[in-house]
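The values are calculated or read from the model by the stated rules, or taken from the named source; none is laboratory data. As the structure is a computational prediction, the values presented were derived from the model and not from experiment. All Cβ positions, even for glycine, are placed from backbone atoms using ideal geometry, and neighbour counts span all protein chains on display. These area figures cover heavy atoms from the full protein model, side chains too; ligands, DNA and RNA do not enter into them. Shrake-Rupley method; radii C 1.70, N 1.55, O 1.52, S 1.80 Å.
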Amino acid sequence: MSLIEALFDAELHIGSATILWREIIGNAFGIGSAIAGARRSVWAWPVGIAGNALLFTVFMGALFHTPQELNLYGQAGRQLLFITVSIYGWTQWRRGARDSGRAVLPHWATTRERVAMIAVMASGTIAFAWIFDLLGSYGAWAEAWIFTGSILATYGMARGWTEFWLIWIGVDAVGVPLLFRAGYYPSAILYLVYAFFVLWGFAMWLRIQRRTPQGVRL
């Protein structure tokens, strides 16, 4: 076994539970991305992408032979879409920083944008639940909610919508129980930790928004 393979398959044993280090590290990158996002740092995007790549291999457990041997297609698929949307967000924030000196100015979405978000959340959850059920994914409806909400939240962050933090709270509320049931304990615990950073980030963006009500919107 090569050094890279050994690091990739490194495990942590706590009692009878076997946990992959890459699951812990991938989620740690996610928390780092949330902190950087709250501070409106462009680094939020590449850090998040690194975490997404690691977590994809974790949630395709049967393919990569993780201890759980479960494929969570919604969790795995959203990592790939995260990477795609994050490239868009990275580009948008870099352009904002270049043009105005600020990566993004937090602001509320318009009424039309909010209606669109609700419509996408409802239709996306129904459609992806059907797809994930056909694929045999574990917890298809919960997976669909998490998948759709995660993409909306990431897109909202790229656009500078303060609501994206609230979408993350809704995602965490469903994601934590699902991951505990599936045996992905580090991800479940870090989702709980992430929820606190989400609330902190939401408060930070609100303060910025109230201090500078007018500004550049992406």
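Just one residue in the set Trp200, Trp141 is in contact (Cβ under 8 Å) with a residue 40 or more places away in the chain and not β-branched (Val, Ile, Thr); that residue is Trp200. Summed over segment 149-175, residues that are among the polar types (S, T, N, Q) and closer than 17 Å to Tyr88 by Cβ total 2. Quick one: how many residues across segment 72-94 are touching a residue at least 60 places away in the same chain (Cβ under 8 Å) and assigned to a helix (DSSP H, G or I)? Adding up the residues that qualify gives 13. Is there a residue being modelled with pLDDT of 85 or more and farther than 29 Å from Met204 by Cα anywhere in segment 89-100? Scanning segment 89-100 turns up no residue that is modelled with pLDDT of 85 or more and farther than 29 Å from Met204 by Cα.
Checked against the criterion of being more than 25 Å from Gln209 (Cα to Cα) and among the β-branched types (Val, Ile, Thr), the candidates Ile126, Ile118 yield just one match: Ile126. Entry remark, segment 146-168: residues being open to solvent by 40 Å² or more (accessible area, probe 1.4 Å) and charged (D, E, K, R) number 1 in total. The set of residues in segment 169-190 that are in contact (Cβ under 8 Å) with a residue 60 or more places away in the chain, in contact with a helix residue (DSSP H, G or I) (Cβ under 7 Å, 6 or more places away or on another chain) and open to solvent by 10 Å² or more (accessible area, probe 1.4 Å) comprises Pro186, Leu190.
Results for (1) at pLDDT 85 or above; (2) surrounded by fewer than 21 Cβ atoms within 10 Å (Cβ to Cβ), shown as yes or no for each residue.
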| residue | (1), (2) |
| --- | --- |
| Ile14 | no, yes |
| Glu23 | no, no |
| Ala50 | yes, yes |
| Ala53 | yes, yes |
| Val58 | no, no |
| Ile83 | yes, yes |
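Residues of segment 130-145 that are open to solvent by less than 70 Å² (accessible area, probe 1.4 Å) and out of contact with any Ser or Thr (no Cβ under 9 Å at 6 or more places or on another chain): Phe132, Gly136, Ser137, Gly139, Ala140, Ala142.
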